[in-house]
Structure formats: structure tokens, C-alpha cells
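The values are calculated or read from the model by the stated rules, or taken from the named source; none is laboratory data. These numbers come from a predicted model, not from an experiment. In this analysis, Cβ positions are derived from the backbone assuming ideal geometry, glycine residues included, and neighbour counts consider all displayed protein chains.
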Amino acid sequence: MKNSKRSSGDSTAPRIGVFVCNCGINIAGFVDTKEVAEYAKTLPNVVFVRENLYSCSEAGIRDIKQAIIENKLERVVVAACTPRTHEPTFRAACEEAGVNPYYFEFVNIREHCSWVHKDSRDDATEKAKDLIRMGVARAAYLEPMEPIIGDVTKKALVIGGGVSGMTAALELGSRGFDVVLVEKDKALGGLLRALDEIYPWGNKASTYLKQLVESTKTNTHIEVLTSTEVTDVTGYVGNYDVKLSTLEEPIRVGVIIVATGAVPLVPEGAYGYDARSKISMYELEVMLKQGKSPGKRVVMIGCAGVRSNERLYCSRICCMTAIKNALLLRKRYKAQVTVLYRDLMCYGTRNEEILAEAKKAGVRFINFSDEEPPLVEKEAVKVKGAILGREISLPYDKVVLTSALSPAPTNESLSRMLKVPLDEYGFFLEAHVKLRPLDFATDGIFVCGTSRWPATITECLEQSIGAASRASTFLATGSAKVEPIVSVIDPEKCRGCGLCVAVCPYGGIELVETDQGIKARTIEVACKGCGTCGATCYRGAITMRHYTNEQLVAQIKAAFAKV
């Protein structure tokens, strides 16, 4: 590519193509995309403009590649929806057409324009013009870049020895990768150790767990460390140095899978919980495993301790756990079981079948409103049925409170060590709930099972296999490809103060001894291009690739340009 000059009258000025996405009602419903496309034709250095119906579709991508080749485009600007989902697609199209993918500029005219200005079509249209004008101005100053390739240590660390952790370790071990499996308790198994039967299979949890533990311990590629905790993690994708409480020397791994699980919520303060006549669903599981009957009359109350001001979330799996155990009590002890619920979360056809089976077996279900919750008295539970419209008195031997899973207490400290986020409740937060549900934003670290969110055993197994598959992409190739959008440090200006090292949330900068003294140096494979270091450096020694001052100033000037 030519060194671009920014005047449209210069023969070496970059040839810029603009593609405006109609996107049906999403954008064109609130933005006059035809008018915006016509306006784009008047912008400096723009030699080609096209309005596409769906730019991200196969036909749209084909049109963009064809236009790049036929019009000898050197920069590409796409005005469409979120770059978070579609930028990789458009970058790949540019690369396939012979244009460096970092000569691509994305302008978000959906979230930043049509959706937030849906009440004023004229204002939305004018803002779309402004955004495209800014994008074109920045595109003229873009520079070509190549991905950064780093080596990967072909060993994995799995944190957590429950169902998810063991399954992930076995998946990796069966592919010939060495794995260190760390469990803080004395034994493997996690919550599965306390369960009686596993739904929807109907298998004994102890039998399944015994087979899983044996397979894990006998796999020659898996090193199992129980009574062990992670005490520190440094490094970056491909080369993480991990300190463990039972080892003197740190281990080096290429990838990390977080499978720390969750803990049963103790419903203290809910419905007079006392762990004797009023127990949690987890305590019922323990009783059933021990072969103990909770009595002939059992009342189960849903949403105990959750979906309230203290914990807003729904644990998803509680309802099916209650239904599973209610059905088991009917079959095993002929107990009279009544399930009191606000809503029933029975997602999936198999769960609906289990619900129907429970009703057929004689389990009673009574819906109550949030405004009128059940009243647990000494010998009976009184509840006003939302459907019946009258109060019902239910004598009981045991009241079982269906409570949720809550985050493991170690999550907070582990999140700080790994530099990965937690959600507002304390569960680990994935990079993207749909596009990257098992990845963290930090490369080379993955999450699965109930450490991510309450899940059934089936879901835990699926996520564990998925996380192991994602980790295998690094281990199999022995290399990690990361974006070149990283910080660049000028050693002439750097004074080695270490401020940038202190503020970097990813451990992407280090201090090194050079001929010029102590200087900061970017660890490119660790840097995420967030810009925190550049904003902090009082010497102006740090610039950000792909977000240079020149590029940003061009955008700012275009934003306030008279049109």
C-alpha cells in the first residue's frame, strides 16, 4: 500500500470506499440510508460508495470484496451495527480482497445512532452523516499492521476438581496434552459428592462420580493436586506462571480453565429456616443420599433467598431440582409432596416431560404471588393459591426451601489474580454471552460450569468440553495470534518510572534494564490495547497502535467541521 496523503487533490491520497448498511428496520427504519450514502460521496478521498441491504450477509461480503478489487480501494469504511460482532467479518473480507485488515474502519450507526435516536429520523440521519465523516477522516490515517504471534507452553491448568473441571481435564488429557488439575478440597467431585440422583438420567451420582474420578486419576497426562489452591498468577497467554500452595516452585502453563463451581445458598432468614423441620434443597439431597426419609408430608417452597432485593437473579436449575426430588420422594417413600412456586423454570422438552411425569405421579403444584408469599407456621404452611384465589393450609413433616447456587467465595481473589471480571453477583463473566460464552476477555483463560452461572450437570459437561476445545486451539498449534493493537513505548522519552506497569490491568508492561537505564517495555502478546498506560504516561512516551493521536485528532476535527 502507498504511504497515504490526506488531500483529495493529491495523486497519492488513499482511495476510500464507504459501504452504508440498510439492515432493514434496524437502521433504515430510523435513518435515511440513501441520503447518508449520497452524503458520503462528497467526503475527501472517497472514490466509491454503496448502500447494502445486509452488509454482513454472504452477498454483502461478496459485494464489498468485489468493489475493493474493481475500484482499487485502499481503505474501507463500513457503516453498520456493532463492531463487537461484525468487525472480524469485515476485516477478513478486506484481507481476502488484498487490503490489510487494519485499513478497515467501522462506523456504528445502529447502537450509536438509529437505536438511540429512534424518535427523530432527521436527527438520526444527520448524526449518521457526522459519524461517517469522522470515520472517513480517521481511515485516511490508518496504518497497516500484522498479527502478533507468541509461543504457547503445551500444558494446561484446570482450577476446580468438580464435574466441570474433571471433564475439561479429561478432554485435554485424551488429546495428549499435559494438564495440572487443582482442587482446594481433599477429594475430587465438588457438589456431586452430596447428590443422590442425577436428572434427567436417573443415575446414582455416586456411581457416576466414582467412574469420573477414576478416569481422571488414571489418565497419564493429568496431574491431580488436591488440598491445593492457586496463590498467584503472572504472565500472559501461552506463558502463565502459576504459584500453588502445595508446590515450592511455580508451574508454567499455556492456558487456564476456571471450573471452581458454586456453593449451595443457605436460606438463612427465609420462611423460618432452622435446618431441622425447615431444610434447604441441598440438605434434602444429603438426606436422600443417606437413605433417610424427610417424612410423609413435604412442602417445597421455591425461590427461597433469591429473586429478592438481596439476590435478584434466578438460579435456573432450582425448579427442576425440586421437581426431580419431589418425583423421587413420591416413588421411593410414597410421600405427599406439594411444590409452591412463583414461576416454574422448566426449559427444554425433556424438563417439560419430567414436570408432566411429576404431576402424573401425584406431586401437587400451587402457584403463589410475590405479594402474598407462603406463611410457614409451626405445623402447617398457609398459602393463597394465585389460580384458586383462596388460602390453603398444608400440614407438613418437613418444609424444603428451594434455594439457589451462589458464587464460590474464592471467586473474588481468583478474579484479581487472573485479571478476569466477575458479574454483579460474583459469578465469572464471559467475554460475550453469545459469541464467546466460554472465553474471558483475557486471552488463554476460559470458564465453564457453575463458576460461570448456575447450570445442570448436562450443561456443565457441554461447557467443559467446549472450554477444552477452545483451549486446544492454542495447545495444538503451539502459538497464539493476538491483535497488533498494542502500546508502543519510545525509549528516548521513557524515564522508567514504572507508572505504566502499575496501572496496566493485564500485566502487559514490564521494566527492563537497557543500555539507557531502566525502561518500560510492552509485552505485546499480553497487551489488550486499552490505552490506560498511554493516558497515564506524563512523558508522552506511549502511543497506541491503531489509535494514534493523528488518527484521533482527524476524527475530532471532522466532528466539528462545518458541513
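Restricted to segment 211-230, and to residues that are of a type in the set (Ser, Thr, Tyr) and in a helix (DSSP H, G or I), which residue is nearest to Gly165 (Cα to Cα)? Please lay out each step first, then the result.
Just the residues of segment 211-230 that are of a type in the set (Ser, Thr, Tyr), to begin with: 215-216, 218, 220, 226-228.
When the remaining residues are screened for being in a helix (DSSP H, G or I), the result is 215-216, 218.
Details: Ser215: 13, Thr216: 10, Thr218: 15 Å.
Per the criteria, the residue is Thr216.
For Thr260, the stated conditions hold: it is buried (at least 20 other Cβ atoms within 10 Å of the Cβ), in contact with a strand residue (DSSP E or B) (Cβ under 9 Å, 6 or more places away or on another chain) and over 21 Å from Ala358 (Cα atoms).
Filtering Ala520, Ala480, Ala535 for residues that are over 28 Å from Asn100 (Cα atoms) and touching a helix residue (DSSP H, G or I) at 6+ places or on another chain (Cβ under 9 Å) leaves a single hit, Ala520.
Condition test on Leu188, is it in contact (Cβ under 8 Å) with a residue 60 or more places away in the chain, surrounded by 21 or more Cβ atoms within 10 Å (Cβ to Cβ) and over 25 Å from the mean Cα position of the chain (by Cα)? When the stated conditions are applied, Leu188 does not pass them.
For residues that are within 29 Å of the chain's Cα centre (by Cα) and not polar (S, T, N, Q), tally how many sit in segment 343-360. Final tally of qualifying residues: 8. Screening Leu475 on (1) of a type outside the set (S, T, N, Q); (2) at pLDDT 95 or above; (3) under 21 Å from Gly261 (Cα atoms) shows it passes everything except condition (3).
Among residues of segment 473-497 being out of contact with any Asp or Glu (no Cβ under 8 Å at 6 or more places or on another chain) and polar (S, T, N, Q), the one that is nearest to Phe446 (Cα to Cα) is Thr473.
Could you list all residues from segment 28-76 that are within 33 Å of the chain's Cα centre (by Cα) and among the β-branched types (Val, Ile, Thr)?
In the first step, residues of segment 28-76 are kept if they are within 33 Å of the chain's Cα centre (by Cα); the result is 28-31, 52-65, 75-76.
If the condition is that a residue be within 33 Å of the chain's Cα centre (by Cα) and among the β-branched types (Val, Ile, Thr), then Val31, Ile61, Ile64, Val76 are the ones that fit.
Filtering segment 344-364 for residues that are assigned to a strand (DSSP E or B) and modelled with pLDDT of 95 or more leaves a non-empty set. Could you tell me whether any residue of segment 246-253 is among the basic types (Lys, Arg), modelled with pLDDT of 95 or more and not in a helix (DSSP H, G or I)? Looking for residues that are among the basic types (Lys, Arg), modelled with pLDDT of 95 or more and not in a helix (DSSP H, G or I), one finds at least one in segment 246-253, hence yes. Given the condition of a type outside the set (Asp, Glu), at pLDDT 95 or above and loosely packed, with under 14 Cβ neighbours inside 10 Å, answer yes or no: does some residue in segment 83-103 qualify? Within segment 83-103, one or more residues are of a type outside the set (Asp, Glu), at pLDDT 95 or above and loosely packed, with under 14 Cβ neighbours inside 10 Å.
For segment 54-82, residues that are surrounded by fewer than 22 Cβ atoms within 10 Å (Cβ to Cβ), among the hydrophobic types (A, V, I, L, M, F, W, C) and at pLDDT 95 or above total 3.
Given the criterion in a helix (DSSP H, G or I) and either surrounded by fewer than 16 Cβ atoms within 10 Å (Cβ to Cβ) or not aliphatic (A, V, I, L, M) (or both), identify the matching residue among Cys460, Cys494, Cys527. First the steps, then the outcome.
Values: Cys494 fails: in a helix (DSSP H, G or I); Cys527 fails: in a helix (DSSP H, G or I).
Result: Cys460 is the single residue among Cys460, Cys494, Cys527 that is in a helix (DSSP H, G or I) and either surrounded by fewer than 16 Cβ atoms within 10 Å (Cβ to Cβ) or not aliphatic (A, V, I, L, M) (or both).
Do the conditions hold for Ile317, that is, is it out of contact with any Cys (no Cβ under 9 Å at 6 or more places or on another chain), buried (at least 18 other Cβ atoms within 10 Å of the Cβ), closer than 20 Å to Asp370 by Cα and of a type outside the set (Lys, Arg)? Don't jump to the end; show me each part of the working.
On the way: out of contact with any Cys (no Cβ under 9 Å at 6 or more places or on another chain): yes; buried (at least 18 other Cβ atoms within 10 Å of the Cβ): yes; closer than 20 Å to Asp370 by Cα: yes; of a type outside the set (Lys, Arg): yes.
Yes, satisfied.
For segment 377-391, taking the residues that are modelled with pLDDT of 95 or more and surrounded by 15 or more Cβ atoms within 10 Å (Cβ to Cβ), the one that is farthest from Tyr273 (Cα to Cα) is identified as Val383.
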